[in-house]
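Written out below as structure tokens is the structure these notes cover.
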Amino acid sequence: MIQHCPTPTELDDLELLVSGAYAPLSRFNEDGSVVTLDLPDGATEAELVDPEGLPLARVAPDGSLEPLTHAQYGPFRRLHLTPAQAREQHAGATFVPVVDALTEADLEELRGLGRVVLLALMGTGTSSLSPVALVRATLVAADLLDDASVVAIPLPAHGDADADHALGTQVVETYAGGDPVHALADTSSSGEPAGLPAAIAAIVDADQPEPEEQGLVLFFTGLSGSGKSTLARALMDLLLEQGGRTVTSLDGDVVRRHLSAGLTFSKADRETNIRRIGWVAAEIARHGGVAVCSPIAPFAETREQVQEMVEAAGGAFFLVHVATPLEECERRDRKGLYAKARAGEIPEFTGISSPYEEPVDPAVRVDTTGRTIEDALDDVLVALDEAGYLHLRGTDD
């Protein structure tokens, strides 16, 4: 039996299946259900583990689960009650689902309900806030009420609004167990800005910084010889000259020497190299830094995986396609790589014997043919400025 670490959404689903929160649903991949599990390499059964390798459950070919243990770590784990625990501890209370920071109006509405349990639905993709920020903001709200408790429920979004709404309603009712459920009034269409208590507003501001304060991954992709590394270095120099942000270069060749030593240039190893770059870049973005990456990264799927890692860490992903044509890249060929690839001396060489999948919708596309580095870099600077991430144009004026 293989070991498999599910996606964040699947891990959330696993916890709710095992806890009984999804009852009567108790397994993955039932007909018509959005609660699904994809196993690798055609496997039909597996031991499911968390990102640290802790075995959580075994899944059988029919999708049924044999729990092994529960997740033991993570922020606010103490608040992750099962429905049975919540009903036992909070019988007779009014249960209130929470998916966003509570406003002054929300709090005023809740004060008339007596004892309340705030169900923070903090699963993957359900709230615009990060899971930790949602729970923190909800705890502050509970302190501002007369008699309130917080339960954290990792209810994820699955990309189907109707199905997710129905599933969320079912989960909340399962937790309430017959006690009243109160849905907060929807004021999003009023046009008036939501008034947040100061302590909650501070949490929201820290979790959702302005674009120019957000962690950022600048990801340059293109053929060998396209000019991507040169552009990336020039941009990094500008960032360092301006100051104010921590900047890290994750150049392809440098990463291979230090982070990916021992990997070959097979397709599998090249993709592993990109994912390693992506993971490090995401961690830099998580802490508000800027990571400048310039690998070839020829495959769309792997670039998308990097983007997902960065966005899951709360960072912004800015994709620059250095779209210099193959003919121009071969003409430059300062390292003689294309000539060796044409001669069959380098197998699986991108653009010759291995494909390059052009990005469909990059943040900016740049062709360096017949242009100075300063001119080509200006295309990137304009796009960064318009997106609000960095304002580097005119630094010499």
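The values are calculated or read from the model by the stated rules, or taken from the named source; none is laboratory data. Just so it is clear, the model here is predicted, and its values are computed rather than measured. Every residue, glycine among them, receives a Cβ derived from its backbone with ideal geometry; neighbour counts consider all protein chains shown. Note: areas computed on protein heavy atoms with side chains; ligands, DNA, RNA excluded. Shrake-Rupley method; radii C 1.70, N 1.55, O 1.52, S 1.80 Å.
Under 8 Å between Cβ atoms, at least 6 apart or on separate chains: pull out the pairs that start in the range 231-249 with a residue that is closer than 22 Å to Thr372 by Cβ and end on any residue that is open to solvent by 20 Å² or more (accessible area, probe 1.4 Å) and of a type in the set (D, E, K, R).
Pairs that qualify, where the first residue is closer than 22 Å to Thr372 by Cβ and the partner is open to solvent by 20 Å² or more (accessible area, probe 1.4 Å) and of a type in the set (D, E, K, R), are Ala232/Asp251; Arg233/Asp251; Ala234/Glu374; Leu239/Arg245; Ser249/Arg233.
May I ask you to verify whether Ala133 is open to solvent by less than 20 Å² (accessible area, probe 1.4 Å), farther than 23 Å from Pro180 by Cβ and modelled with pLDDT of 95 or more?
Numbers: open to solvent by less than 20 Å² (accessible area, probe 1.4 Å): yes; farther than 23 Å from Pro180 by Cβ: yes; modelled with pLDDT of 95 or more: yes.
Answer is yes for this residue.
Among the candidates Phe299, Phe317, Phe349, Phe265, single out the residue that is closer than 18 Å to Gly222 by Cα, open to solvent by 40 Å² or more (accessible area, probe 1.4 Å) and among the aromatic types (Phe, Trp, Tyr).
Testing whether each residue is closer than 18 Å to Gly222 by Cα, open to solvent by 40 Å² or more (accessible area, probe 1.4 Å) and among the aromatic types (Phe, Trp, Tyr) leaves just Phe265.
Determine, yes or no, whether Gly288 is touching a residue at least 60 places away in the same chain (Cβ under 8 Å), in contact with a Lys or Arg (Cβ under 9 Å, 6 or more places away or on another chain), open to solvent by 20 Å² or more (accessible area, probe 1.4 Å) and not β-branched (Val, Ile, Thr). Outline the logic, then answer.
On the way: touching a residue at least 60 places away in the same chain (Cβ under 8 Å): yes; in contact with a Lys or Arg (Cβ under 9 Å, 6 or more places away or on another chain): yes; open to solvent by 20 Å² or more (accessible area, probe 1.4 Å): yes; not β-branched (Val, Ile, Thr): yes.
Yes, satisfied.
Among (1) more than 25 Å from the chain's Cα centre (by Cα); (2) without any contact (Cβ under 8 Å) to a residue 24 or more places away in the chain; (3) under 30 Å from Glu213 (Cβ atoms), where does Glu386 come up short?
(1)
Out of Asp143, Asp164, I need the residue that is farther than 29 Å from Ile277 by Cα, of a type outside the set (Val, Ile, Thr), touching a His at 6+ places or on another chain (Cβ under 9 Å) and surrounded by fewer than 20 Cβ atoms within 10 Å (Cβ to Cβ). Which one?
Asp164
Go through the range 140-173 and give me each residue that's free of Cβ contacts under 8 Å to residues at least 24 places away in the same chain and of a type in the set (A, V, I, L, M).
If the condition is that a residue be free of Cβ contacts under 8 Å to residues at least 24 places away in the same chain and of a type in the set (A, V, I, L, M), then Ala161, Ala166 are the ones that fit.
Restricting the search to the range 363-397, which residues are part of a loop (DSSP other than H, G, I, E, B), modelled with pLDDT of 95 or more and of a type in the set (Asp, Glu)?
Within the range 363-397, just Asp367 meets the criteria.
Would you point out the residue of the range 67-87, among those that are open to solvent by 80 Å² or more (accessible area, probe 1.4 Å) and within 26 Å of the chain's Cα centre (by Cα), that is nearest to Ser130 (Cα to Cα)?
Within the range 67-87, the match that is nearest to Ser130 (Cα to Cα) is Pro75.
Anything in the range 1-17 that is touching a strand residue (DSSP E or B) at 6+ places or on another chain (Cβ under 6 Å), within 23 Å of Ala312 (Cβ to Cβ) and open to solvent by 50 Å² or more (accessible area, probe 1.4 Å)? List them, or say none.
Gln3, Cys5, listed by residue number.
Residues in the range 324-344: is at least one at pLDDT 95 or above, part of a loop (DSSP other than H, G, I, E, B) and within 27 Å of the chain's Cα centre (by Cα)?
no
Name the residues in the range 102-130 that are closer than 19 Å to His165 by Cα, open to solvent by less than 40 Å² (accessible area, probe 1.4 Å) and touching a Leu at 6+ places or on another chain (Cβ under 7 Å), would you? Outline the logic, then answer.
Taking the range 102-130 first, the residues closer than 19 Å to His165 by Cα are 118-129.
When the remaining residues are screened for being open to solvent by less than 40 Å² (accessible area, probe 1.4 Å), the result is 118-123, 127, 129.
Selection gives Ala120, Leu121, Met122, Gly123, Ser127.
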